[in-house]
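Chemist: Okay, handing you the structure first.
The values are calculated or read from the model by the stated rules, or taken from the named source; none is laboratory data. Computed from a predicted structure; not experimentally measured. Neighbour counts run over all protein chains shown; Cβ positions are idealised from the backbone, glycine included. Ligands, DNA and RNA are excluded from the accessible area calculation, which covers all protein heavy atoms including side chains. Shrake-Rupley method; radii C 1.70, N 1.55, O 1.52, S 1.80 Å.
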Amino acid sequence: MTEPGSQTTVRLIEAADAPALAEHRVRDEPAFARWEPARPGNFSTVEGQATMIENLLAGHRAGTTWPGVVLVDGVVAGQVTVGTILPQPYLRNGSVGYWIGSVFHNRGHATRAVAEILEVMTGELGLHRAEATTRFENLASQTVLRRNGFRPHGVAREHIYLAGAWHDVILWEQILQP
């Protein structure tokens, strides 16, 4: 549940978000290492985050990505992105990914951010289907997806390489429009 008096919103990422994102990435680097592939050495710096933002916005201009930041009372608290957008009339899919900085954990912000990005997917992007993946042990993320109407529909064996080993993931889906 979101804490009383706080407001969780999502907006398109901006170059000016790099310092706040870098601060979260540096502080939470050990936690990110558990869930994400290895990143270049400068990824968590302001410069690294600025480059990442430039790349995401290039994907946005190309129509393949909708990169957002999660705001809590106007403060950057994390990131939510629709990637692998397939806008063809016979597909209209997008894959949801998100993270929330540790200082904002366990307050419902991820759940609300995913709800907001689903609205972007149906409204602005006109997508029909949302997809996501979680590792089996990522129960918090599974809860976020379930609360937003996602259902598991399969397992991808040895899907992601992290910390020297291949890991299975649960595949999640939600139909957004009839």
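Chemist: With the other protein chains left in place, how much accessible area per residue, in square angstrom, belongs to the chain at a 1.4 angstrom probe?
Modeler: About 52 Å² of surface per residue is accessible.
Chemist: Report relative contact order for the chain in percent, whole number only (criteria: Cα-Cα under 8 Å, sequence separation at least 6).
Modeler: 21
Chemist: Can you tell me how much longer the chain between Asn106 and Glu23 gets when fully stretched, taken as 0.36 nm per residue apart minus their C-alpha distance, in nm with one decimal?
Modeler: 28.0 nm
Chemist: Taking a virtual spin label 7 Å from the Cα of Gln88 along the C-beta vector, which residues in the stretch 31-69 bring their backbone nitrogen under 18 Å of it?
Modeler: 63-65
Chemist: Would you mind calculating the gained length between Glu119 and Ala62 on full extension (0.36 nm times residue separation, minus the Cα-Cα distance), in nm to one decimal?
Modeler: 18.5 nm
Chemist: Let me ask you something else. Could you tell me the center-to-center distance, by alpha carbons, between the stretch 104-129 and the stretch 150-178 in angstrom?
Modeler: Spelled out, the Cα-based centre of one part sits 18 Å from the other.
Chemist: Ignoring any ligand, DNA or RNA, what whole percent of the accessible area of the chain comes from carbon and sulfur when the probe is 1.4 angstrom?
Modeler: 55
Chemist: When the helix-only estimate is applied to the chain (DSSP H runs of n ≥ 4, each -39,500 (n - 2.57), divided by the residue count), what is the mean residue ellipticity at 222 nm, nearest 500 deg cm²/dmol?
Modeler: Details: 5 runs with 57 residues, N = 178.
Estimated from H runs of four or more residues: -10000 deg cm²/dmol.
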